[in-house]
Amino acid sequence: RSWFYKTIENPIQYVHRVTPDFSHTTPLHFHKGKLGGYEVEVRQKMGNLWAPLDGLTLGANGTLIHSKVTLSPEESAQFDRPNIQAPIKTRPMTNAPNHLYNLYLTYEMDKLGLKGTEASLFYTVRGDTLVAGAGQNNGHFIPDVYEKEYGTLNFSLSQKIGDAWKIQFAAKNLLNPDIQSVYRSKYIDKEMVKTSYKKGIELSFGVSAEF
């Protein structure tokens, strides 16, 4: 279990902008930012609890994150305009999810006669994440853009060959979930979908050596 906290001077944050021709996300320097949270991790070798499960390890970790950046007076003033009236002085940091959870399982298959073979399964949940802060265009309020929580499942299988070589197969994003970004703000009635897509499943095979 651990706790972390840090202050950041002039963090680069992303904000949403709209022009008559297109919308885009652009980086801006903010005056200051804060990032903190808690992290907990547990790991258990199952063979210590029941001998037939020797080689199997279960683990989990979770991180709760709180972040905040302070808008500059110029950036904040645009939301105080009479035709917008959506005062915003602070917001979460971009690309800082509000939580991260990981569950994992590894199995060393020596007892099955497969010396040097290891299989691993990892499931990761990434919480809602601000990807672009609110903005305005010609007096129209543009809400924050958040990427919604989603989970990914990854699998890997590796085999040691001698003392130096290893071959590995990996399959990433096996569940291939929909990844949605939405417009979200307390100043709008409900969130609205901005984008929705799938990353696809990624397969890889590699050979490595250490000398």
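The values are calculated or read from the model by the stated rules, or taken from the named source; none is laboratory data. Just so it is clear, the model here is predicted, and its values are computed rather than measured. Here the Cβ positions follow ideal geometry from the backbone for every residue, glycine too, while neighbour counts run over all protein chains shown. The area values use the complete protein model at the heavy-atom level, side chains included, leaving out ligands, DNA and RNA. Shrake-Rupley method; radii C 1.70, N 1.55, O 1.52, S 1.80 Å.
A few points about this structure:
- Verdict on ILE142 being surrounded by 16 or more Cβ atoms within 10 Å (Cβ to Cβ) and either at pLDDT below 95 or among the aromatic types (Phe, Trp, Tyr) (or both): yes
Conditions (1) of a type in the set (Phe, Trp, Tyr); (2) touching a residue at least 12 places away in the same chain (Cβ under 8 Å); (3) open to solvent by 90 Å² or more (accessible area, probe 1.4 Å), marked per residue:
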| residue | (1), (2), (3) |
| --- | --- |
| TYR146 | yes, yes, no |
| TRP165 | yes, yes, yes |
| GLN168 | no, yes, no |
| GLU191 | no, yes, no |
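- Strands (runs of 3 or more DSSP E) fully within the stretch 128-207 that include at least 2 residues being in contact with a helix residue (DSSP H, G or I) (Cβ under 8 Å, 6 or more places away or on another chain): 135-137.
- Residue list for the stretch 53-67, filter: at pLDDT below 95 and either charged (D, E, K, R) or within 13 Å of SER2 (Cβ to Cβ) (or both): ASP54
- Within the stretch 41-97, being among the aliphatic types (A, V, I, L, M), within 28 Å of ILE12 (Cα to Cα) and out of contact with any Phe, Trp or Tyr (no Cβ under 6 Å at 6 or more places or on another chain) holds for ILE65, LEU71, ALA77, MET93, ALA96.
- The test for being open to solvent by 60 Å² or more (accessible area, probe 1.4 Å) and closer than 23 Å to GLU210 by Cβ does not hold for LEU174.
- One residue from THR90, THR124 being open to solvent by 30 Å² or more (accessible area, probe 1.4 Å) and over 30 Å from LYS45 (Cβ atoms): THR90
- Filtered by the rule that a residue be farther than 25 Å from THR129 by Cα and open to solvent by less than 90 Å² (accessible area, probe 1.4 Å), the stretch 43-79 gives GLN44, MET46, GLY47, ALA51, PRO52, LEU53, ASP54, GLY55, LEU56, THR57, LEU58.
- Look at (1) in contact with an Asp or Glu (Cβ under 6 Å, 6 or more places away or on another chain); (2) closer than 22 Å to TYR123 by Cα and you find that GLU41 fails only one, number (1).
- Any hit, the stretch 98-115, residues being within 30 Å of ASN10 (Cβ to Cβ), over 27 Å from the mean Cα position of the chain (by Cα) and among the basic types (Lys, Arg): no
- Among the residues of the stretch 58-117, those that are part of a helix (DSSP H, G or I) and among the aliphatic types (A, V, I, L, M) comprise ALA77, LEU112.
- Boolean, GLY206 is touching a Pro at 6+ places or on another chain (Cβ under 7 Å), touching a residue at least 12 places away in the same chain (Cβ under 8 Å) and of a type in the set (Gly, Ala, Ser): no
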